[in-house]
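Worksheet: one structure, shown below.
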Amino acid sequence: MIKPLADRVVIEPKEAETQTASGIYIPDKAQEKPQQGRIVAAGPGKKDEPMEVKKGDVVLYGKYAGTEVTVDDKKYLIVKQSDILAIL
């Protein structure tokens with residue numbers, strides 16, 4: 001598993017919507033990048049900036065924030081705590 005350092009967190013992004021509310025299927029290329037996910041690991045924070053999020057929190061993050069990584073065929077996103085917009 002990935003262990004983030006300092007003020008970084010590892011997020012498992014929510015799956016993109018594949019169907020609209022009316023039942024129309026959305027092709028892969030037209031799907032929007034998800035901006036919501038669950039935190040699977042969090043770093044210890046910095047001396048002057050403690051961590052406000054923890055493992056298991058569902059969060060909203062910036063659309064182009066972080067770095068995508070793949071581990072064991074699962075996609076994760078590593079972002080700084082400051083890139084997280086809200087806890088749901």
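The values are calculated or read from the model by the stated rules, or taken from the named source; none is laboratory data. What you see is a predicted model, and the numbers here were worked out from it, not measured in a lab. Cβ: placed from backbone, ideal geometry, glycine included. Neighbour counts: every protein chain shown.
Can you give me the number of residues within segment 35-88 that are surrounded by 13 or more Cβ atoms within 10 Å (Cβ to Cβ), aromatic (Phe, Trp, Tyr) and over 12 Å from Glu12 (Cα atoms)?
Final tally of qualifying residues: 0.
Just one of the numbered conditions (1) among the β-branched types (Val, Ile, Thr); (2) at pLDDT 90 or above; (3) more than 13 Å from Asp7 (Cβ to Cβ) is not true of Ile24; which one?
Just one mismatch for Ile24, condition (2).
List the residue pairs whose Cβ atoms are under 7 Å apart, where the first residue sits in segment 55-68 and is farther than 14 Å from Asp83 by Cα, the second is surrounded by 11 or more Cβ atoms within 10 Å (Cβ to Cβ) and of a type in the set (Val, Ile, Thr), and the two are 6 or more positions apart or on different chains.
Lys55/Ile39; Lys55/Val40; Gly56/Ile39; Asp57/Ile39; Asp57/Ile87
Can Glu12 be described as in a loop (DSSP other than H, G, I, E, B), of a type in the set (Asp, Glu) and at pLDDT below 95?
Values: in a loop (DSSP other than H, G, I, E, B): no; of a type in the set (Asp, Glu): yes; at pLDDT below 95: yes.
No.
Return the only residue of Pro44, Pro34 being assigned to a loop (DSSP other than H, G, I, E, B) and in contact with a Lys or Arg (Cβ under 6 Å, 6 or more places away or on another chain).
Step by step, each of Pro44, Pro34 is checked, and only Pro34 is assigned to a loop (DSSP other than H, G, I, E, B) and in contact with a Lys or Arg (Cβ under 6 Å, 6 or more places away or on another chain).
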